[in-house]
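Here's the structure we're looking at; comments come further down.
The values are calculated or read from the model by the stated rules, or taken from the named source; none is laboratory data. What you see is a predicted model; the values in this text were computed from it and never measured. Here the Cβ is made from the backbone with ideal geometry for all residues, glycine too, and neighbour counts use every protein chain on show. Just so you know, the surface numbers come from the protein's heavy atoms only, side chains and all, with ligands and any DNA or RNA stripped out. Shrake-Rupley method; radii C 1.70, N 1.55, O 1.52, S 1.80 Å.
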Amino acid sequence: MSRLVLVARDPNQALQWRSALAAGGAHEVVAVTNGARSAQALLQQHRPQLVVCDLRLIDGTALAMIQWLALQPHRPLIVAVAREESEPLLLEALRAGADNLCVSAPDDMAALAAAVEQTLRGETALTPPLARALLEHFEHSHAKLGRHRLPGDEQGALELEAPQRELLMRLAAGYDVEQLARAQTVATRVFGQRLRAVVRKLQWDVRAGSLTLQLD
């Protein structure tokens with residue numbers, strides 16, 4: 001049974017999340033709050049396996065909390081929740097340390113539960129706009145690296161491998177993971193895990209203390 005902390009701006013939304021995620025006994029919701037500041041104390045106290053958080057909370061955005069969590073020695077997995085694909089904080093949440101995103105209507109509990117399960121399996125999902133944004137990010141990083149060569153391990157941490165780039169390109173073009181999995185006769189989890197690896201590369205400079213990428 002996985003232990004969850006829920007950080008939701010709306011108390012009624014938090015109750016819905018709790019009911020949906022605790023159903024079936026697969027997850028234990030150990031704490032609920034509606035602000036980033038109050039969440040920090042709860043997270044230190046309960047040390048959950050996974051945190052579900054709204055990107056916009058009662059005391060501001062969740063970005064600083066996500067980055068703080070991502071830098072903890074025994075960090076939990078993080079699912080950031082937004083209502084619209086156009087939410088500008090989605091890419092920033094991934095960069096700060098979120099493992100996965102859930103972009104859905106407030107009452108779509110099935111989508112939230114699916115995102116939690118996907119995250120626990122080591123997978124990530126990306127919308128077409130986010131896939132395009134990640135391609136642009138890595139193209140920009142690659143251009144920087146052309147002017148500033150880094151040690152081998154660091155160089156690889158900032159560049160996409162060919163299968164990762166191809167996957168992002170196909171997602172950006174509007175294909176979904178299920179279509180790609182059927183076309184290549186592989187399990188969808190393969191692509192979900194490949195996307196998690198891309199997100200880890202996006203977060204590399206945060207994990208490294210944001211020092212090495214100050215290249216300009």
| field | Per residue solvent-accessible surface (Å²) - the chain, probe of 1.4 Å | value | 49
| task | Would you look at the GNM of the chain, springs on alpha carbons closer than 10 Å, and say which of ALA96, ALA14, ALA183 moves the most? | result | ALA183
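If you place +1 on the Cβ of every Lys and Arg and -1 on the Cβ of every Asp and Glu, how big does the dipole about the Cα centre of the chain come out, in debye to the nearest 20?
Values: 23 positive and 24 negative charges, 96 e Å.
Roughly 460 debye, rounded to the nearest 20.
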| task | First compute the accessible area of the chain with a 1.4 Å probe, then give the percent of it belonging to carbon and sulfur atoms. | result | 51
